[in-house]
Structures are given as C-alpha cells and as structure tokens.
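For reference, the structure is listed below as structure tokens.
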Amino acid sequence: MVEPIVVDEEYRKEIEMARRELGVFITNNKCAPLMLQFAWNDAATYDAKSRRGGPNGSIRLRIGQELKHEANKGLEKAVQYCEIVKTKLKLKKVSYANLYQDSNESPRTEGRFIDGEEDARNLRKIFSRMGLSDEQDIVALCGGHTLIRTMYPKVSMGETHKDRSKFEEGKSTNKPLKFDNSYFKELLIKDASFSRLPMDYALVEDPKFHHYVERYDEEIFFKEYAISHKKLSELGFNLNNLDQPKGPYAKLNQHKGLIGIGIASVVVTVILGYLLKRKKNQLKN
Ligand code: HEM
C-alpha cells in the first residue's frame, strides 16, 4: 500500500516564499524568457525509462559540464538569479543539497541536449524519451518559443545577443515578452524576415504538428499549454508508484510532484503562474 506523503510544513512554507519571490523577480527583471528556457532545458534531460534527470534543478550542479554545453548558452545567468532569491530568503529547508542525488548524472545526460536544429523526427524522439509522446504536448510546449528574444541585439539585464545565442541576430517574434499565440500565427505566415530555429519550421511542415499550430487560437493554446506544462513540471513523479531512485535524498524526491524539489523546479511552476497571470491582466486591459 502507498503510504501518504507527509510534506514538512516548514519546507512547504519555504517553497511558497520562493515561489512568490521568484515571481516578483521575474516580473521586475523581465527575464521570463531566460527562466522558462532554463526550466525547460533542465526538464528536457528527463529519461522516462530510467526515470533520471528531469525538472529537479540538477542542471545547476553540472556547471562546467551541462551548463557549458552550447545548448545551454547563457543559462548560468538563470542559476545566478536563483541564487539571489535563495540568499535573499535565507532558505534553510530548500537546499541545493536536495538535488545532489542527481549531481553525478552528467555522463548519462550526454546525448540528451537539444540545440534547435532538430527536425520533426528528432522532436518526437526527444519528447518520447521524456515520456511526452503526444503531439499536442509537443506543439503546445514548443509554444513557449513565443517568448524567444535571444535573437534580439539586447536580451535582458545587459546581455547581448551573442551571450545567449549561437544563431543569427534577428527578430523571432514581434512581441518577445508577451506570452500569447503569436508564435503560431507568425509561423503560419512564413514571413522570411523572422529568424527561426529549424525546429520551429518542423512544427509547420509536419502535417500532424501543423494541425495543432493551426488550431492554436489564444484560448485553446492557453488551455493546452497549461495542461502540458503541468505534465512537464511533474516528470519523474508518480504518486501511485513511489519506487523512486534510492539514496539519501529518496525521501525528498518523493515530494517532487507535489511541491517540487529545489529552487529551479519552483521556477517551472512560477513561470506558468506568471505567464497565466500576465495573460489575464492583458485581457483585462
Ligand atoms: C525539443 C524542443 C526544443 C528545442 C530544440 C529548443 C531549442 C531552443 C534553442 C536552441 C533556443 C535558443 C535560441 C537562440 O539561441 O536564439 C531556445 C530558446 C528558448 N526556448 Fe526552446 N527549445 C525547445 C523547446 C522549448 C520548450 C518546450 C520551451 C518552453 C516550455 C522552450 C522555451 C524556450 C524559451 C523561452 C527560449 C528563449 C530564451 C530567451 O530568449 O532568453 N523551448 N530553444
């Protein structure tokens, strides 16, 4: 029988505090694109077969290895932002040590990097490896690219395009800080003045992906993005099967799907809350 999960009250409070603080930080520093990409790249290491990797913040522990990979260009900044929040709040329970069980994972995550050059086949391969093989999840989540602004000359907080991107400078959307369905609309226009990643084109060219690109008016996109993002943030957690990886942090790992482990996994949920709130405000005004 599965024992009920008891979440330490102090731990829960710290997670809530971190969530609020990160929300404010992201708004003030206009760094939602960076943080969303950071959260995604961390989650995208998940391997459904071995149940290793995933949205657990372990990306931070592989500085010099994973973070130095070109696919993660400039994401050290996101780690620094998380550190700022962690230090400011003087978090005791939510510790990076929570994540150490994944810290010696780097050899296993080799080959799980993404670089934007992927075609439709590779996109399916990446998401299937993560256990997200449904086309709806793939296209909805890739809608996160509505926030891409790495291609702009100035990205955020003094960074330049070169600090964040290996791709040509250009514009990838008309409104890079606005979370809406314009990514899909602009993909369909096929306007050559937009800079696109090969994976972006794959979404319009593959007939099954195309179906979702066309279908995504703002309402449907938001609804389905929220569902898929929740799945993303819970990768590796199954309440009915707590046979989680063993080791000193196994207990903490069990809480993962409920409140998230460590700051970086909080980022995933904060981002979603932030984006949805932003959207609501936009509709009000
Ligand atoms: C397999 C799928 C994906 C690939 C291959 C991919 C690849 C990339 C690449 C290469 C960049 C950097 C572009 C540049 O250098 O200018 C990027 C940026 C970004 N990605 Fe993805 N991505 C994928 C899926 C996603 C998903 C699912 C999300 C969100 C849930 C996401 C969110 C972002 C964001 C927000 C940025 C912009 C960061 C910024 O402008 O600061 N990506 N992606």
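Table for the structure above
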read-out	value
Candidates Pro198, Pro153, Pro176 - the one that is at pLDDT below 80, within 9 Å of the ligand (Cβ to nearest atom) and not charged (D, E, K, R)	Pro176
Checklist (1) within 22 Å of His161 (Cβ to Cβ); (2) assigned to a loop (DSSP other than H, G, I, E, B) applied to Pro33, failing item	(2)
Long-range neighbours under 7 Å by Cβ, at least six apart or interchain, first residue farther than 19 Å from Asn122 by Cβ within the range 203-229, second part of a loop (DSSP other than H, G, I, E, B) and at pLDDT below 95	Tyr216/Asn181; Asp217/Asn181; Glu218/Asp180; Glu218/Asn181; Phe221/Asn181
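The values are calculated or read from the model by the stated rules, or taken from the named source; none is laboratory data. Model, not experiment: these values are computed from the prediction. Virtual Cβ from ideal backbone geometry, glycine too; neighbours counted across all protein chains shown.
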